[in-house]
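One structure is given below, encoded as structure tokens.
The values are calculated or read from the model by the stated rules, or taken from the named source; none is laboratory data. Note that the structure is predicted; figures quoted are calculated from it, not measured. Cβ placement follows ideal geometry from the backbone for every residue including glycine, while neighbour counts extend to all protein chains displayed. These accessible areas exclude ligands, DNA and RNA; they are computed on the full protein's heavy atoms, side chains included. Shrake-Rupley method; radii C 1.70, N 1.55, O 1.52, S 1.80 Å.
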Amino acid sequence: MGALTAAVAIGVTVAAPANDNIPRQNSAATADAAMVGAAESTDSTGHPRLRRLLHRLTTVDGAPGALAEVRHRRGSAVLTSGVADVKSRAPVHRDSRFRIGSMTKPFVATVMLQLVGERRVALDAPVERYLPGVVRGHGNDGRRITVRQLLQHTSGVPDFLDHLRPQDIVNDPLAHHDARDLVDIALTHPSNFEPGTDWRYSSTGYLPAGMIIEKVTGHPYGEEIQRRIIKPLGLRETSVPGDTTRIPRPHPRGYVRPGKDAPFRDITAINPSAGGASGELISSGTDLNRFLDALVRGELLRPAQRREMMKTQPTGNPDGRAYGLGLESRPLPCGGLYWGHTGDFLGFETAGGATVDGRQTTVMVNLGPGSTDAQSDDIEAAVQTGLCKGRASAAE
């Protein structure tokens, strides 16, 4: 949802009222002093580098609050910094729920691959087989785009988030957005490339993926996620909200910040159908770690489908990241790879990862947009720090 949060920053600047009753910070230094909070941990082993990164997120990077949940064979820890609410100054709750944005994609891809394992969907079948006439326009053609290409961002279909009118979200944040309408926004623009010839991240692909799940099963994709993933894994803090605008408690407030010295704007209440199957889920650090662990260690997919998910396409990023089917791999500084995803939805930025030997880390901040590139970099550094902490050979 990065493109949406960046776009809506412009809309927030236009649409924000003159007095929204949220404290204005007069300078970055004042913001630093106001937002800093002591990191808390549930274990006694200590995570000094991770604590420093969380502190940086809530001071230098300017986020109100941050949370990191680390889990490995030697134990688990929850660390927090800053505040969940800039008015009440309440600390970030260790069991916080939050919007996970594009971390929804691994859930959707998992359901699709389960259907592949059941021979109800063919990965290399054209989208047209399941959704006749839905993906058509300006060189985008579902007769030449496969299900695999939707999941791997190799379809060439433009990202609807690059073309969504931000004022429509800001001026009416509780409005419903139909998935077909969002797809049609993308299809009024030319294809980025011939299907299968390149890679470019596009949230549009996951909207028809959700439609295919519904077409094949007869149930909305959210119900299938509930039945196939949430219930079997006991993910009590994960939900597919649909048009529900509230986040179950406990949760931090979600904020946007249209400028460096601008006041935070509370955007916690929003209709997540603007993300749909590409980014609407709500979850927690505990649940995301449990889900990623089950996924990479083979609890949710048959071996053949797990291998398909982990067949990656280079993304061209110099850090070595590569994209599979709804799951991204990245090298760890302490050696080896980890698997995970990032997620942005209005008010929140999240990243999580897991290794096949049983280490997981999820990190969340309650600010987006309004953050800098440094915020994303420090979130990613925090994920890698948490994962490397679980290795006996890793230096703190």
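Tabulated results
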{"item": "Nonlocal amide H pairs with L337, under 5 Å, H built at 1.01 Å", "result": "L332"}
{"item": "Net charge of Cβ neighbours under 9 Å - reference D293; Lys, Arg +1; Asp, Glu -1", "result": "+3"}
{"item": "The chain, relative contact order in percent, only Cα pairs under 8 angstrom and at least six apart counted", "result": "24"}
{"item": "Computed [θ] at 222 nm, deg cm²/dmol, the chain (DSSP H ≥ 4; -39,500 (n - 2.57); rounded to nearest 500)", "result": "-9000 deg cm²/dmol"}
{"item": "Those lysines that a straight Cα-Cα span of less than 19 Å connects to K311, excepting residues fewer than 8 apart in one chain", "result": "K105"}
{"item": "Nitroxide proxy distance, nm - points 7 Å out along Cα→Cβ at R119 and K215", "result": "2.1"}
{"item": "The stretch 54-210: mean projected area of Cα convex hull, nm²", "result": "13.1"}
{"item": "Of G386, G279, A304, farthest towards positive along the dipole that unit charges on Lys, Arg, Asp, Glu beta carbons give the stretch 273-396", "result": "A304"}
{"item": "Cut-off 19 Å (backbone N to label point 7 Å along Cα→Cβ of D184), residues of the stretch 193-207", "result": "204-207"}
{"item": "Contour minus Cα-Cα distance for Q313 and E194 (0.36 nm per residue)", "result": "41.3 nm"}
{"item": "Taking the stretch 287-362 and dividing mean pair separation by its residue count, relative contact order in percent (alpha carbons under 8 Å, at least six apart)", "result": "29"}
{"item": "Lys/Arg +1, Asp/Glu -1 at C-beta; the chain dipole; positive extreme among T197, G352, L187", "result": "G352"}
{"item": "Candidates H177, H219, H55, ranked by Gaussian network fluctuation over the chain, Cα under 10 Å, top entry", "result": "H219"}
{"item": "Around D378: net Lys/Arg minus Asp/Glu count, Cβ-Cβ under 11 Å", "result": "-3"}
{"item": "R0 of 25 Å, Cβ-Cβ distance C334-R297: FRET efficiency to nearest 0.05", "result": "0.80"}
{"item": "Separation between Cα centres of the stretch 190-220 and the stretch 128-151, rounded to whole Å", "result": "7"}
{"item": "Estimated inter-spin distance, A304 and T244, nm [label 7 Å along Cα→Cβ]", "result": "3.7"}
{"item": "Check: the stretch 125-263 dipole with +1 on Lys, Arg Cβ and -1 on Asp, Glu Cβ, in debye", "result": "520"}
{"item": "Calculated FRET value between S88 and R52, using beta carbons and R₀ = 30 Å, to 0.05", "result": "0.70"}
{"item": "Charge tally in the Cβ shell below 13 Å around P248, where Lys, Arg are +1 and Asp, Glu are -1, P248 excluded", "result": "+2"}
{"item": "1.4 Å probe accessible area per residue over the stretch 196-294, in Å²", "result": "36"}
{"item": "Answer label for Rg and Dmax of the Cα atoms in Å (calculated), chosen among [x] 36.4, 161; [y] 20.0, 59; [z] 21.9, 83", "result": "[y]"}
{"item": "For the stretch 53-106: relative contact order, % (alpha-carbon pairs under 8 angstrom, 6 or more apart)", "result": "26"}
